[in-house]
Amino acid sequence: MAQEEQSSGSIFTDLDDGSTDTEVNKWQRTFRLWQETLREHWGMLTDELSVKLSMLTVAGFVLIAIFAPYIATHQPLQRQYQGDDGILIDKWVEPSLLGANSEYLLGTTAEGFDIFSQLVYGTRAALMVGLIAAVFTAGIGTLVGLVAGYYGGKVDDALMRLVDFLYGMPLLPTVIVLVAVLGPNLWNIILALIVLQWRSTARVIRSQSLSLRERPFVKAAEVAGAGDWHIISRHLAPNVLPMTFLYGSFGIAWAILAEAGVSFIGLGDPNTVSWGTMLQASRAYSALSFGAWWWFVPPGICIGLLVISGFLIGRGYEEITNPKLQ
Amino acid sequence: MGKASFVVRRTLQLVVTLWAVGTVLFALFRLMPGDPTSYVVSSQMTQEARQQLIASYGLNDPLHIQYIRFLENLVVLNFGQSFHSNQPVTEVIATYLPNTLVLMLTAFIVAYAIGITLGVLSGWYRGSRFERSTVITALTARSVPTFYVGLIVLWIFGARLGVIPMSGMTSLGTGGSNAGFFDMVFSMDFVHHLLAPAVVLGFYYMGYPLLIMRSSMLEVLSEDFIDVCRAKGLKERTIMFKHAARNALLPIITAAAIALGYAVGGSVLIETVFAWPGIGREMVRAVLRRDFPVAQGTFIVLASTIIFLNFVADLAYGYLDPRVTYD
Amino acid sequence: MSQLEVEDLEVYYETEDGPAQAVDGVSFELEEGENLGIVGESGCGKTTLAKAIIGILPDAGYINNGSINFQGDDLTELPEPQRRRLKWEEISMIAQSAMNSLDPVYTIREQIVEAIETHRPGTGRVESDKIVTEMFELVGLDPDRADDYPHQFSGGMRQRAMIAMALALKPSLMLADEPTTALDVIMQDQILKRISSIQEEINSSMLVITHDVSVVAETCDRVIVMYAGKVAEEGPVEEIFDKPYHPYTIGLKRAFPNIQKSNQDLLSISGYPPELIDPQEGCRFAERCPMATDRCREEEPEAHYNNGLRSYCHYADEIDSELRPYADDSETWSKTAAATDGGVGE
């Protein structure tokens, strides 16, 4: 068994040296603590093959989203016309990938939009919804959970009553109602998702926070006179971080699925193309009956890939938070 | 003493939550920007009729009086009348709710039965190929949108192979609404229509209990009493089910309750894809048509179901786990 | 023929980096009615040894070599159904009293009856209940509480409940795994006394696995000191604690307070136990031993017999002549601490 190495980046280096002239900023120390925690997690995460593949997939989609204008062959919501005259709309064209004589890789929709370009630009909507909703879901949930667990008492009661109430609302129907009331656009969808989804993160982080609070190292810090926020940010937060990221990853997955569902229903953003709106359009125009599977099959595959990546990364964190599962 | 006060307290919580949901709905529909009267009058009406209706609904009254009346109506289940069909909303609900219940219940029961069993087995046979493929299947089931699976199933088995009906709950001409509900439910035609949506919905539901059960099994199997069971010379199967699974089951109860919040969403989407005349699909249609009374009424029914089922799950857990203290 | 004869037992665990040799060639004998203690620090292999004897090795564990002869049968060769029949009827286990050594969702009575029904099917309700009552009274528990759940018992009561369960089928051999770790000192004393008296009554032998040397001193006739998967020393309790011959045992003894020499400073054996995967050559204790020579680092020691003690040290025979006062001095051990720089490096 090897002993722990005294790494040069130790957050206590200055104290150990005895050199107290350079006052290492408290916040610098907290920051480095977080840095080390994250680095440790990264190591454990990337050990797992499924996580590595998932991260590559997400990275791939991110690149596609960023370089969409260079990858897509046309504008996603621009009607395509036959030839150069611009009179007859190029609808229901079959994909060139399947050998048809067309200039469209995946064909066109019933309204004459290029499916491939829609698919490419759809990454933007998916990633925007997924990442923003995930950050806020995990962020708000963690904050609330930490506060509720740490302060306990009336604060905890009040916050958990709120969470209980949110749990009483069925996710998709509530999002549907909210989007209907606020107006169908991408930001409202994101907002509606955030309003509900932080509930699960909050509950879990709270219970972790509750048990962490009783640990000797926290009690010691309290006795030493550490401030509440110092304890929360320095002692509690880094320990709940894996759970936060777990729910963040799951949050990406849930958000993308929810947006797809809302769009499919017909409450999607009419000015943006998303994989969900593609599916909705394909159904509205009975692509199923016409057998134009190149329209409705690819968007679902894209959703599936991105979502399962989110889940697998989250499960990677699950192994960090619960060693018995390794 | 403990048990009784536990039940009483949970019931109180139930009522409070229901009240909270109602209040939020009230606020949502009334305080949102836009025409505050549009939730009760539709744009098709004449000025006169509109004024009459507004007056009769008491919309000119101060907000708090409207709120009290709203609560009163809620308690007696008076949700108003549909803009679309002028039917009382309660009738609309009564027509569509049973269909949803049949679909959701069938899918839920099958999904949980299969999911839990597979979860127990994959937790027990950790590291095997069976476990790996089960987990991947479960994850895929939850990653691909459920309505997408429905679309694919409809396309392959409906449009291409013609084995399943393309929509609806009953075929035209089988006397749907004339026949009694139970007569209908037990007809072959109904089962034929129920098959695809129930399977797709079940497939979607199954992932969650499977994964939870597996994690739970892994946790339980690392406990000391499992070693003692082995030392006692019990058969492996006895240990797996009587001891491990029984303990691992406890978190599933709470998990199932949480899952319900998402399960309803799934049924909404499946009903839409398969044109199953259920309350979920009705809610969506009402929302899209701006038929606020129906939208409000159906939403309240859905939310109430969730809240009530959470309550039942709470009680069930308390009954199943002897360690729960009724504080 | 002794009741239990373990010969050159090797129990390994499969790991990613190769087999971990948790038990690496252990031999000993246990007579009927005898109490044998097995002591050692965490990771020395004593729990693995116990699990191998009871037959509850995890999937990753396997018996690589050697034999476990119980009343004439080699347990390592016995087919599963016969092995299972022996479990609990002949060899039972007293687990730690930690919260989860009993299934939390069944009552104590249900769990004891389960053991009875498994091995004596058709015993029937009345007979089983009689046994439960008898066992409860034997361990000093109120038989009316048999229908309680484990979490309703205190730590000491749970331990007694487990003893009751272990005795239900009147086994010939009991294995007590850390029987007092979770208990306070007073409870410890009570439990130990009770176990001893019960043993005498039903004439069963017992293996006591523990890291607490004082428990062994109180309850056992003989003791095995294990280190890094091997036997370091073995012999009658009084002799081994009075004058041990293996440096490790000497160090261990000096790490505990001596009531007669209350001024004696305690020593600690610095360093960590060695790697179990691909272990080094020579004596396993060489790294931490203050008297180790080059020979110790190259050659594995054989058994040396002195005063009824079996010791695995090259210099065991010389301990009495010159080395004992040197080994007994705490200074010797702190010098080793400085030399190894506080720990065993990679």
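Please order B:His192, B:His64, C:His314 by the number of other Cβ within 10 Å, starting at the fewest. Before the final figure, lay out the partial values.
Details: B:His192 14, B:His64 8, C:His314 20.
Ascending number of Cβ neighbours within 10 Å: B:His64, B:His192, C:His314.
Considering only the other residues whose Cβ falls under 12 Å of the Cβ of A:Leu45, what net charge follows from Lys and Arg at +1 and Asp and Glu at -1?
Numbers: positive: A:Arg39, A:Lys52, A:Arg315; negative: A:Glu40, A:Asp47, A:Glu48, A:Glu318, A:Glu319.
Charge balance near A:Leu45 sits at -2.
Please determine, in degrees from 0 to 90 and to the nearest 10, the orientation of helix B:2-31 with respect to the longest principal axis defined by the Cα atoms of chain B, where the helix direction is its Cα long axis.
40
I'd like the Karplus ³J(HN,Hα) series for the stretch B:271-284: coefficients 6.51, -1.76, 1.60, θ = phi - 60°, whole numbers in Hz, and an x wherever there's a Gly or Pro.
Each residue of the stretch B:271-284 in turn: 4, 5, 4, 8, 6, 7, x, x, 6, x, 5, 5, 4, 4 Hz.
Using each residue's phi in the stretch A:223-237, evaluate 6.51 cos²θ - 1.76 cosθ + 1.60 at θ = phi - 60° and report the 3J(HN,Hα) Karplus result to the nearest Hz, with x for Gly and Pro.
Here the 3J(HN,Hα) series is 4, 6, x, 5, x, 4, 5, 4, 5, 4, 7, 9, 9, 7, 3 Hz.
Please build a GNM for chain C, connecting alpha carbons under 10 Å apart, and tell me which residue among C:Pro79, C:Pro143, C:Pro273 fluctuates the most.
C:Pro79
Report, in debye and to the nearest 20, how large the dipole of the stretch A:142-250 comes out about its Cα centre when Lys and Arg carry +1 and Asp and Glu carry -1 on their Cβ.
With Lys and Arg at +1 and Asp and Glu at -1, about 120 debye.
Using the beta-carbon distance between C:Ser196 and C:Ser154 and R0 = 22 Å, what value does 1/(1 + (r/R0)^6) give for FRET efficiency, to the nearest 0.05?
Numbers: r = 22 Å, r/R0 = 0.99.
With a Förster radius of 22 Å, E is 0.50.
If you average the C-alpha positions of the stretch A:159-192 and of the stretch A:294-325 separately, how far apart do those two centres end up, in angstrom?
Answer, in whole Å: 23.
Compute the helix-to-body angle for B:89-124: its Cα long axis versus the longest principal axis of chain B, expressed 0 to 90° and rounded to tens.
20
Put +1 on the Cβ of every Lys and Arg and -1 on every Asp and Glu Cβ in the protein assembly as shown; which of B:Ser215, B:Leu97, A:Leu305 then has its Cα farthest towards the positive end of the dipole?
B:Leu97
Which of B:Leu211, B:Leu234, B:Leu101 moves the most in a Gaussian network model of chain B with Cα springs under 10 Å?
The residue that fluctuates most here is B:Leu234.
Using alpha carbons only, how many angstrom separate the centre of the stretch C:212-239 from the centre of the stretch C:1-67?
First find each Cα centre; the distance between them is then 15 Å.
Which cross-chain or sequence-distant (5 or more) residues have an amide H under 5 Å from the amide H of C:Ile38, H modelled 1.01 Å from N in plane?
Here the answer is C:Val208, C:Ile209, C:Thr210, C:Ile224, since their amide H atoms fall under 5 Å of that of C:Ile38.
With +1 on the Cβ of every Lys and Arg and -1 on the Cβ of every Asp and Glu, and nothing else charged, how large is the dipole of the protein assembly as shown about its Cα centre, in debye rounded to the nearest 20?
That gives the protein assembly as shown a dipole magnitude of about 5460 debye.
For a quick check, take a GNM of chain C with Cα springs below 10 Å and name the residue from C:Asp177, C:Asp142, C:Asp59 with the largest mean-square fluctuation.
C:Asp59
Applying 1/(1 + (r/R0)^6) with R0 = 45 Å to the Cβ-Cβ distance of A:Glu40 and B:Lys3, what FRET efficiency is obtained, to the nearest 0.05? Spell out each step's value before the answer.
On the way: r = 46 Å, r/R0 = 1.02.
According to the calculation, E is roughly 0.50.
With a sphere of radius 11 Å drawn around the Cβ of A:Gly141, what net charge do the other residues whose Cβ falls strictly inside it have (Lys, Arg +1; Asp, Glu -1)?
Details: positive: A:Arg199, A:Arg203, A:Arg206; negative: none.
Residues close to A:Gly141 contribute a combined charge of +3.
So who's got an amide H within less than 5 Å of the one on A:Val93, skipping anything under 5 residues away but keeping other chains? H placed 1.01 Å off N, in plane.
Close amide H contacts, sequence-distant or interchain: A:Thr108.
Would you list which aspartates and glutamates come within 12 Å of A:Lys91, measuring only between C-alpha atoms, while excluding same-chain residues fewer than 8 positions from it?
Partners found: A:Glu111, A:Asp114.
In sequence order, what are the phi-derived ³J(HN,Hα) couplings for the stretch A:246-255 according to the Karplus relation 6.51 cos²θ - 1.76 cosθ + 1.60 with θ = phi - 60°, rounded to whole Hz, with x for glycine and proline?
4, 6, x, 4, 4, x, 4, 4, 4, 4
How charged is the neighbourhood of A:Thr109? Take every other residue with its Cβ under 13 Å from the Cβ of A:Thr109, and add Lys/Arg as +1 and Asp/Glu as -1.
Values: positive: A:Arg79, A:Lys91, A:Arg283; negative: A:Asp90, A:Glu94, A:Glu111, A:Asp114.
Computed value for this residue: -1.
Which entries in the list A:Lys52/A:Lys219; C:Lys46/C:Lys253; C:Lys87/C:Lys230; C:Lys87/C:Lys243; B:Lys242/C:Lys87; B:Lys3/C:Lys130 go over 28 Å, if you measure between the two C-alpha atoms of each? Kindly include the intermediate steps, with their values, before the conclusion.
Values: A:Lys52/A:Lys219 38 Å; C:Lys46/C:Lys253 18 Å; C:Lys87/C:Lys230 26 Å; C:Lys87/C:Lys243 37 Å; B:Lys242/C:Lys87 19 Å; B:Lys3/C:Lys130 32 Å.
Over 28 Å Cα-Cα: A:Lys52/A:Lys219; C:Lys87/C:Lys243; B:Lys3/C:Lys130.
Need one number: nm distance between label points at B:Arg10 and B:Asp189, each 7 Å from Cα along Cα→Cβ, rounded to one decimal.
For the pair B:Arg10/B:Asp189, the computed spacing is 4.3 nm.
Would you please give the residues with an amide H less than 5 Å from that of C:Ile277, counting only those at least 5 places away or on a separate chain, with H modeled from the backbone geometry?
So C:Ile277 has HN proximity to C:Gln21.
Please name whichever of B:Phe292, B:Leu260, B:Ile239 sits farthest to the positive end of the charge dipole of the stretch B:93-320, dipole taken about the Cα centre and charges placed at Cβ: Lys and Arg +1, Asp and Glu -1.
The one lying farthest along the dipole's positive direction is B:Ile239.
Counting other beta carbons within 10 Å of each Cβ, put A:Trp275, A:Trp293, A:Trp92 in order, fewest first. Write out the running numbers ahead of the final one.
Values: A:Trp275 30, A:Trp293 19, A:Trp92 16.
By the 10 Å Cβ count, ascending, the order reads A:Trp92, A:Trp293, A:Trp275.
Residue farthest toward the positive end of the dipole of the protein assembly as shown, with Cβ of Lys/Arg at +1 and Asp/Glu at -1: which of A:Ile89, B:Thr305, C:Leu192?
Of the candidates, A:Ile89 comes out farthest on the positive side.
Relative to the longest principal axis of the C-alpha atoms of chain A, give the angle of the C-alpha long axis of helix A:293-321, reported between 0 and 90° and rounded to the nearest 10°.
Computed tilt is about 10 degrees.
About the Cα centre, and with charges only on the beta carbon of Lys, Arg (+1) and Asp, Glu (-1), how big is the dipole of chain A? Nearest 20 debye, please.
Values: 20 positive and 28 negative charges, 182 e Å.
Dipole about the Cα centre, nearest 20: 880 debye.
Since every read-out is calculated from the coordinates, none of them should be taken as a lab result. Just so we're clear, the structure is a prediction, and the values are computed from it rather than from any experiment. Note that each Cβ is placed from the backbone with ideal geometry, even for glycine, and that neighbours are counted across all protein chains shown.
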